[in-house]
Amino acid sequence: MKNIWFPYTQMKNMTPPLHIDRGEGVYLYTKDEKKLIDTVSSWWSTIHGYNNLEINNAIKDQIDKGSHMMLGGLVHDPVIKFSKKLASILPKDLDHCFFSDSGSVGVEVALKMAVQYFSNQGMKKTKFISYKDSYHGDTWKAMEVGDDPDYHKAFKGNNTPSNFYVTPDNINELEEVLKNNSKEIAGFIVEPILQGAGGFKIHSREYLKKARILCDKYDILFIFDEVATGFGRTGNLFVADEDLVPDIIILGKALTGGYLGHAVTVANDKVYYEFYSDSVDDSFMHGPTFMGNPLACAAGLKSIEIFQRENYIEKIKNIETILNRLKEIKHPMIKEIRVIGGCGCIEVYDNKILKGFKEYCYENGIWNRTFLNFAYLMPPYIITEKELSHVINTFKRWFCDVNKDVL
Ligand SMILES: Cc1ncc(COP(=O)(O)O)c(C=O)c1O
């Protein structure tokens with residue numbers, strides 16, 4: 001293992017990671033056959049759990065026809081069908097799909113699109129607005145629109161200061177920034193409703209609707225980063241819907257059912273047609289090698305088919321009801337318990353109370369990974385009531401029995 005450099009980790013004193021042999025449904029199996037409920041869906045992506053036979057077969061069928069073909073000058077059935085499907089499930093004219101290989105790159109694509117949308121019209125607008133404590137990925141510009149020192153403090157100050165960070169749900173603050181700076185701002189990028197890595201914070205939909213109006217008023221693009229929220233996490237297929245339509249949306253993580261790294265940045269007509277002209281200079285000059293990869297598209301198509309056929313929205317409602325039981329946990333160290341859709345989070349005042357929690361979960365047959373002051377759950381949607389109740393009872397015992405005297 002000494003050749004692997006692990007993410008977000010001090011390698012010198014890293015606790016050895018669990019060695020996983022295989023995944024099956026909601027379970028991960030370690031090499032020594034410990035069976036663990038995965039409560040974080042492998043970084044919020046494996047919404048159908050592991051080893052889903054239908055998705056496996058969709059990928060296998062496609063492998064026999066070709067595992068990769070470039071999109072530059074070539075096209076193939078999986079990408080044609082997948083983009084058509086995405087356009088049909090996304091609201092209004094969010095119809096123009098630009099694929100890439102990860103959520104961070106999908107964000108980069110959206111930001112570049114926004115800047116060029118204006119430069120194609122002869123305007124120089126290069127700055128962005130985003131939320132305080134936002135997280136949009138780890139690549140350079142995604143880090144810059146992010147405001148998460150826990151992840152990116154080594155780079156803060158090295159970035160060009162081309163961003164404004166606003167307090168979520170404060171519409172007056174947003175308007176103030178726009179009033180004074182809109183001539184240089186290309187877009188407002190948000191993790192709509194649910195801020196993930198910034199601390200599982202839940203915000204209002206009404207604010208987003210007002211922000212939509214302001215973005216139009218001040219001629220800036222509204223960008224939804226639904227890499228984490230997309231495909232049901234907040235209880236709806238997407239936060240974007242017929243009443244709340246961004247100009248650009250980014251999807252990733254669960255886009256392929258968590259099978260393969262892929263993302264898509266989808267633009268509306270307004271954005272797309274600023275690039276569509278007789279001039280080659282107006283073209284969007286971006287093209288990841290693996291964009292529209294046929295295996296990823298085949299997995300994604302099957303994933304959406306299952307999501308719709310098996311009525312996952314109903315499943316997520318049930319998960320939300322059960323997750324709400326987290327709120328019965330009382331402990332003076334708990335600051336707040338938040339639940340929305342398929343996401344539940346316990347925020348504590350001091351993370352000393354979470355020390356040993358991962359190991360306690362492990363002993364109880366659960367894979368969970370806290371970070372900072374948050375113990376959170378984002379399980380695969382196939383989790384049963386019995387399995388999720390076991391998880392919640394384990395969380396409860398940790399606070400109310402094992403640590404009842406920790407203050
Ligand atoms: C809201 C949001 N945007 C972007 C990303 C980056 O996605 P990726 O890790 O696939 O690059 C993440 C990852 O957690 C995310 O939560």
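One Cα centroid belongs to segment 266-298, the other to segment 32-55; the line between them spans 32 Å. Take Glu385, project a point 7 Å from its Cα along the Cβ direction, then tell me which residues of segment 324-345 have their backbone nitrogen under 17 Å from it. It comes to 324-326, nothing else. For Lys355, a cut-off of 19 angstrom between C-alpha atoms picks up these aspartates and glutamates, skipping any fewer than 8 places away in its own chain: Asp150, Glu336, Glu347, Glu363, Asp401, Asp405. Calculate the FRET efficiency for Gln308 and Glu359 from the Cβ-Cβ distance with a Förster distance of 30 Å, rounded to the nearest 0.05. Rounded to the nearest 0.05, the efficiency is 0.15.
The ellipsoid that matches the Cα gyration tensor of segment 67-155 has semi-axes, each √(5λ) in whole angstrom, of 28, 18, 14, with the longest given first. Seen from all directions on average, segment 60-103 presents a Cα convex hull projection of 4.0 nm². Placing a pseudo-label 7 Å from each Cα along the Cα-to-Cβ vector at Lys183 and Asp150 gives an inter-label distance of 4.0 nm. Residues Thr321, Thr46, arranged from fewest to most other Cβ atoms within 10 angstrom of their Cβ, appear as Thr321, Thr46. Give me the Debye-computed log₁₀ of I(q)/I(0) at q = 0.24, 0.32 Å⁻¹ for segment 1-44, equal point scatterers on Cα only, no solvent, two decimals. Treating every Cα as an identical point scatterer, log10 I(q)/I(0) equals -0.95, -1.10. Annotation for segment 203-255: GluC sites (Glu not before Pro) lying in DSSP loop with at most 11 further Cβ atoms inside 10 Å of their Cβ are Glu242.
Taking 0.36 nm per residue of sequence separation and removing the Cα-Cα distance, the Met70/Ile4 pair yields an extension gain of 20.9 nm. Distance between Cα centroids, segment 203-245 to segment 334-359: provide it in whole Å. Cα centroid to Cα centroid, the span is 26 Å. Couplings for segment 221-226, taken from phi via the Karplus curve 6.51 cos²θ - 1.76 cosθ + 1.60 with θ = phi - 60°, read 8, 9, 10, 9, 8, 9 Hz in order; Gly and Pro are left as x.
Near Asp93: Cβ cut-off under 12 Å, other residues only, Lys/Arg at +1 and Asp/Glu at -1. The net charge is -2.
In terms of packing, defined here as the mean over residues of other Cβ atoms within 10 angstrom, the peptides 337-343, 4-10 line up highest first as 337-343, 4-10. How big, in percent, is the set of alpha carbon pairs in the chain lying more than 39 Å apart? Here the tail beyond 39 Å accounts for 18 percent of pairs. Using equal-weight Cα scatterers in the Debye expression, the normalised intensity of segment 157-295 in log10 at q = 0.17, 0.19 Å⁻¹ is -1.10, -1.29. Label sites at Lys60 and Asp93, each approximated as a point 7 angstrom past Cα along Cα to Cβ, lie 4.4 nm apart.
All of the numbers you see were taken from the coordinates with simple rules; none came from a lab. Everything numeric in this text was worked out from a predicted model, so none of it was measured. Using ideal geometry, Cβ is built from the backbone for each residue, glycine included, and neighbour counts are taken over all protein chains shown.
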